[in-house]
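Shown next, in structure tokens, is the structure this report addresses.
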Amino acid sequence: RALRQSRATPAGLRRSVRGGGHTELREPSCVMYRPAAKVQLILRLPCVMERLGLGPEVLLQENPRLIYARLTGFGQTGKYAKSAGHDINYLALSGVLSKLGRNNENPYAPANLLADFAGGGVMCALGIVIALFERVRSGRGQVIDASMVEGAAYLSSFLWKSQSLGLWSQPRGENLLDGGAPFYDIYRTSDGKFMAVGAIEPVFYKQLIKGLGLNFDELPAQISFSDWPEMKKKFASIFAQKTQAEWCSIFDGTDACVTPVLSINDAASHQHNKERGSFIKNDQGEISPRPAPVLSRTPAVPSCKRDPFIGEHTEEILLEYGFTKQEIAKLYSDKAIESNKLKANL
């Protein structure tokens, strides 16, 4: 079992974004030291555990099979190791941010997804899986140094590996895959919505041209860089003549690689996603993506309960790890832990 520990938070920020049982603590370190002998994994946020005297060198002595994951922005060593930062800073230092953006515009960060969640959370989870696999052979745990800078860079290895292919020979925003090509871009429809076009291969490009009502033989070659700006204007003008629904009726069922750009609300109700059950609704009516990928024998069984509040399960978790009610009461009185029990509405 993985035990998540949080610092005390302002009253306005009481929800756990994701996960199962949640406990909240301040001090002393005994609150975490005792469970460390039993848990399989500790995911550590910057400096919290070390300030409690519970670094990996201490806990691995108590539990040699423990996997201790350190997830930080800049990593455990280096010039910026102790510096504050956010997704945009980690993405900038990784080199990836320099590739994102339109021509003659500043680079832009795609929300806080690439470094925080992909380069950080997902790559850290992959490291945990690798450590668990290795532990089957060695019987020993280890420390994972998950840097969001390195995770974002490694996730984007294609940018480095494809340099010699000529995919990035033009300035940012003028290349094949960054919005430069007319057949790999996003276009506004007459109702203010958008269509995404990704017709890279010639066979798909021909179907795109057919769907747009153009004559393929009268157009410049697909990979004619000098003609791309004018072709983008032509495509934009045509897409602006119909609604998103009308374009869907033209391109659905073809291999033109044209799809609607759906809002978060609309994605759950799209026919394809509904048929796959790609989104789920909890008991409070909140919609979120279903766990992915889907395994054939042991698919995830998503919970339809709301996400837990921070500190909601403090008492239950401490009881599970051997604390008595008297000890827990003492921790409350010492302000070492907090609880956020929901009260019934009468």
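The values are calculated or read from the model by the stated rules, or taken from the named source; none is laboratory data. Everything quoted here is computed from the prediction, not taken from an experiment. All Cβ positions, glycine included, derive from the backbone under ideal geometry; neighbour counts span all protein chains shown. Side chains are part of the model used for accessible areas, which takes the heavy atoms of the whole protein and leaves out ligands, DNA and RNA. Shrake-Rupley method; radii C 1.70, N 1.55, O 1.52, S 1.80 Å.
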Of everything in the range 75-86, what is open to solvent by 30 Å² or more (accessible area, probe 1.4 Å) and touching a strand residue (DSSP E or B) at 6+ places or on another chain (Cβ under 7 Å)? Give them in sequence order. GLN76
Being farther than 30 Å from VAL203 by Cβ, without any contact (Cβ under 8 Å) to a residue 60 or more places away in the chain and open to solvent by 80 Å² or more (accessible area, probe 1.4 Å) is the requirement here; does GLU320 meet it? yes
Strands (runs of 3 or more DSSP E) completely within the range 256-312 that count 1 or more residues being free of Cβ contacts under 8 Å to residues at least 12 places away in the same chain: 287-289
Residue hits (the range 301-315; modelled with pLDDT of 85 or more, under 30 Å from GLU338 (Cβ atoms) and hydrophobic (A, V, I, L, M, F, W, C)) are none
Quick one: is TYR332 aromatic (Phe, Trp, Tyr), out of contact with any His (no Cβ under 7 Å at 6 or more places or on another chain), more than 30 Å from ILE186 (Cα to Cα) and open to solvent by 60 Å² or more (accessible area, probe 1.4 Å)? yes
Among (1) touching a Gly at 6+ places or on another chain (Cβ under 8 Å); (2) under 19 Å from ARG70 (Cα atoms); (3) open to solvent by 30 Å² or more (accessible area, probe 1.4 Å); (4) free of Cβ contacts under 8 Å to residues at least 60 places away in the same chain, where does ASP116 come up short? (1)
Mind checking whether some residue in the range 244-267 is of a type in the set (A, V, I, L, M, F, W, C), open to solvent by 80 Å² or more (accessible area, probe 1.4 Å) and farther than 30 Å from LEU52 by Cα? yes
Could you check the range 128-242 for strands (runs of 3 or more DSSP E) lying wholly inside it with 3 or more residues that are open to solvent by 60 Å² or more (accessible area, probe 1.4 Å)? 184-188
